[in-house]
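A.B. asks: One structure coming up, written as structure tokens, with questions to follow.
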Amino acid sequence: MAQRYSHIIWDWNGTLFDDAAWCVEVNNRMLAARGLRPIAGIEEYRNVFAFPVINYYRQIGLDFKKEPFEALAHEYNAAYYAGVAGGLHAGAEAVLEAVYNEGVAQVILSASEKNNLISQVSQFGIAKYFDKILGVSDIYGKSKVELALDYIAANHVDRALLVGDTDHDYETALAIGADCVLIPNGHQSRARLLACGAPVLEDIRGVLNCIRTAMSNQTVRTDLPKREGGEQ
């Protein structure tokens, strides 16, 4: 018999926070400063964005022989936070409140630097809905799998649903033994998300149906690996 979810693990950028258009603008400023072709728009961006971010930078034409990745990451980070534009996706706060009222623990898991992440979340007055806000220790946009595994090892996570907007979120769910649903209005296209094989929702409001289905003893996804004792 399927358990209800004990935890919902939320990605932040693109999943709860609608910042993809702002990311395109910041990237295009960097490209223009180097005489490189700009990203044509949000759809092109969603077709090329990837983790780790270093691979994405290569894809859009940034040359690490001319400038180290670390310098480019610092330039992007400074520009992004200097005038960050964006808000929560439509319906996000209502979904968070509803999940909170269902008694399900909620966690933010992000490849963003932790202090920047906490500052962003706090601006929207939604920190009260989360048991934990997990961000990485640097600005280089690497994997967040280890961060998730550490959290699961330290907490009583019986069954989790990870909600994200990229194939890296799906990979993270696989690595930690969580179910996964993906939302296509963030940083990657619907086609790329469908290729993962996880359910792709219309928008964030569909998460509530997934949770309530699980509470009715039905699984959202049955082919993910089960967690072993050391990972719970």
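A.B. asks: For region 95-140, how many residues meet the condition of being more than 25 Å from D167 (Cα to Cα) and not basic (K, R)? Working first, answer last.
C.D. replies: Going through region 95-140, the residues more than 25 Å from D167 (Cα to Cα) turn out to be 97-98, 100-103, 119, 122-129.
Of the ones still in play, those that are also not basic (K, R) are 97-98, 100-103, 119, 122-127, 129.
Result for region 95-140: 14.
A.B. asks: When you go through I126, I204 one by one, which is the residue that is of a type in the set (A, V, I, L, M, F, W, C) and within 25 Å of N47 (Cβ to Cβ)? Reasoning before the result, please.
C.D. replies: On the way: I126 fails: within 25 Å of N47 (Cβ to Cβ).
From the options I126, I204, the qualifying one is I204.
A.B. asks: Here's a follow-up. Name the pairs: first residue in region 199-227 and farther than 16 Å from A90 by Cβ and outside any helix (DSSP H, G or I), second residue polar (S, T, N, Q) and at pLDDT below 85, Cβ to Cβ under 9 Å, at least 6 apart or on different chains?
C.D. replies: Every condition considered, the pairs that remain are N217/Q3; T219/T213; V220/T213.
A.B. asks: If I filter region 97-112 for residues that are over 19 Å from C210 (Cβ atoms), out of contact with any Leu (no Cβ under 8 Å at 6 or more places or on another chain) and assigned by TED's automatic domain parsing to the domain that holds L201, do I get at least one hit?
C.D. replies: Step one: list which residues in region 97-112 are over 19 Å from C210 (Cβ atoms), which gives 110-112.
Of the ones still in play, those that are also out of contact with any Leu (no Cβ under 8 Å at 6 or more places or on another chain) are 111-112.
Right, trim to assigned by TED's automatic domain parsing to the domain that holds L201 and you get 111-112.
Yes, that holds for at least one residue.
A.B. asks: If you check A92, A73, which single one turns out to be buried (at least 16 other Cβ atoms within 10 Å of the Cβ) and under 15 Å from the mean Cα position of the chain (by Cα)?
C.D. replies: Working: A73 fails: under 15 Å from the mean Cα position of the chain (by Cα).
The match here is A92.
A.B. asks: Could you tell me whether region 27-44 includes any residue that is in contact with a His (Cβ under 9 Å, 6 or more places away or on another chain) and buried (at least 16 other Cβ atoms within 10 Å of the Cβ)? Even if it seems obvious, please write down each step before you answer.
C.D. replies: Here is the first cut: in region 27-44, the ones in contact with a His (Cβ under 9 Å, 6 or more places away or on another chain) are none.
Scanning region 27-44 turns up no residue that is in contact with a His (Cβ under 9 Å, 6 or more places away or on another chain) and buried (at least 16 other Cβ atoms within 10 Å of the Cβ).
A.B. asks: Further question on the same structure: Scan G186, G141, G164, G135 and give me the residue that is modelled with pLDDT under 90 and within 24 Å of F69 (Cβ to Cβ).
C.D. replies: Numbers: G186 fails: modelled with pLDDT under 90; G164 fails: modelled with pLDDT under 90; G135 fails: modelled with pLDDT under 90.
Just a single option satisfies the conditions, and that option is G141.
A.B. asks: So A90 passes all but one of these: (1) assigned to a loop (DSSP other than H, G, I, E, B); (2) in contact with a Lys or Arg (Cβ under 8 Å, 6 or more places away or on another chain); (3) closer than 24 Å to T213 by Cβ. Which condition number does it fail?
C.D. replies: If we test A90 against (1) assigned to a loop (DSSP other than H, G, I, E, B); (2) in contact with a Lys or Arg (Cβ under 8 Å, 6 or more places away or on another chain); (3) closer than 24 Å to T213 by Cβ, just (2) comes out false.
A.B. asks: Being at pLDDT 95 or above and polar (S, T, N, Q) is the filter; apply it to region 1-54 and report the residue that is farthest from I152 (Cα to Cα).
C.D. replies: Among residues in region 1-54 that are at pLDDT 95 or above and polar (S, T, N, Q), the one farthest from I152 (Cα to Cα) is N28.
A.B. asks: Further, regarding this structure: Return only the number of the condition from (1) within 23 Å of K144 (Cα to Cα); (2) in contact with an Asp or Glu (Cβ under 9 Å, 6 or more places away or on another chain) that D19 does not satisfy.
C.D. replies: Going through the list (1) within 23 Å of K144 (Cα to Cα); (2) in contact with an Asp or Glu (Cβ under 9 Å, 6 or more places away or on another chain), D19 breaks only (2).
The values are calculated or read from the model by the stated rules, or taken from the named source; none is laboratory data. Predicted model, so just to flag it, every value in this text is computed and none were measured. Glycine also receives a Cβ, built like all others from the backbone with ideal geometry; neighbour counts cover every protein chain displayed.
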